[in-house]
Amino acid sequence: MAELNQTWYSVYRYNIWLMEQQTVTRGRLDDVLANANSVSKTDVITIYASPGSFPGYVNSISAEAISSACINEIKQSANLEAVVKKAGKYKTGAAIFWDAHENKHIVLPPFPIAEDRTLINQLDTSLLLEILDRKYAIGVMLVTWGSYAVGVFDGGNLIKSKVGTGYIHKKHKKGGSSQKRFARRTEEQKKDFLRKVGNRIDEIFAQCTLDHIFFGGNRLILKPLLPECRYLESKTEKISGRVLDVRHADKEVLNNSLSEIMKSVVFSF
């Protein structure tokens, strides 16, 4: 047992040393998958794990069904801190394409994998491509203190949008009662701003059947924003765990947000 544990530890260190993490566009992901498809169909494993079962589903696969050395390597890679942490943010599950000799990849897609599946001696990218090719209705809400941009993408096209601003006092540097007064005023301005944004989200999203909702901007805003928006309160399960990196919300940033949403994370070993 000690010898086996030492072997697993060596694999673990080996994977850390060689692991490469990339956030890639669809075109780059297609290149990765094309290279993976070019390998021999023997000693190849495909694993799909849905959001709620990764990495648990991978850990449950028996070494009796698959080469023990290979499955142990996959398990160690799937349980690396960087992989688990990023998968926890994406909450979309994982697709694993693993050749015993080369082209070893764990892919976190932008949208959830619907099922758990293991294929031995098959490299099957069809389920991942189906997820990527599907036409989604996506709601996007970008909010920073003082600016917001809300929109709906249908099949890649921005069909509805609303952008706006709101004035919020900056921190008052002086102390005493003056500082407290400004702090109270700032909090009221923030509440008014969130109510305004919540109303805009209701206006834009209300008549749409959205598949997914993405938030971008100041991550601390989302929690107090939810009670100000009837639509979001009833659709929290559709809100992605990812927070898009946005410093200022405007129409240009909104237009560009879909390309960021569509990116996948690829861990290569």
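The values are calculated or read from the model by the stated rules, or taken from the named source; none is laboratory data. Since we're looking at a predicted model, the values are computed, not measured. A quick note on method: Cβ atoms are made from the backbone with ideal geometry, for glycine too, and the neighbour counts reach across all protein chains shown.
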Inset, instruction - Under 9 Å between Cβ atoms, at least 6 apart or on separate chains: pull out the pairs that start in the stretch 222-236 with a residue that is assigned by TED's automatic domain parsing to the domain that holds Ser147 and of a type outside the set (D, E, K, R) and end on any residue that is outside any helix (DSSP H, G or I) and exposed (fewer than 12 other Cβ atoms within 10 Å of the Cβ). - result: Tyr231/Ala206
Inset, instruction - For the stretch 62-172, please list each of the strands (runs of 3 or more DSSP E) lying entirely inside it that holds at least 2 residues being out of contact with any Ser or Thr (no Cβ under 9 Å at 6 or more places or on another chain). - result: 137-144, 157-165
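Within the stretch 61-72, is there a residue that is crowded, with 17+ Cβ neighbours inside 10 Å and not β-branched (Val, Ile, Thr)? Full working, then the answer.
The initial filter retains those residues of the stretch 61-72 that are crowded, with 17+ Cβ neighbours inside 10 Å, namely 61, 66, 70-72.
After this cut, where a residue has to be not β-branched (Val, Ile, Thr) as well, the list is 70, 72.
The answer is yes; a qualifying residue exists.
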Legend entry - Unmet requirement for Ile131, which otherwise passes all of (1) in contact with a Phe, Trp or Tyr (Cβ under 6 Å, 6 or more places away or on another chain); (2) in contact (Cβ under 8 Å) with a residue 40 or more places away in the chain; (3) hydrophobic (A, V, I, L, M, F, W, C): (2)
Inset, instruction - Filter the stretch 73-92 down to residues that are surrounded by fewer than 20 Cβ atoms within 10 Å (Cβ to Cβ) and free of Cβ contacts under 8 Å to residues at least 40 places away in the same chain and give me whichever is farthest from the chain's Cα centre (by Cα). - result: Lys75
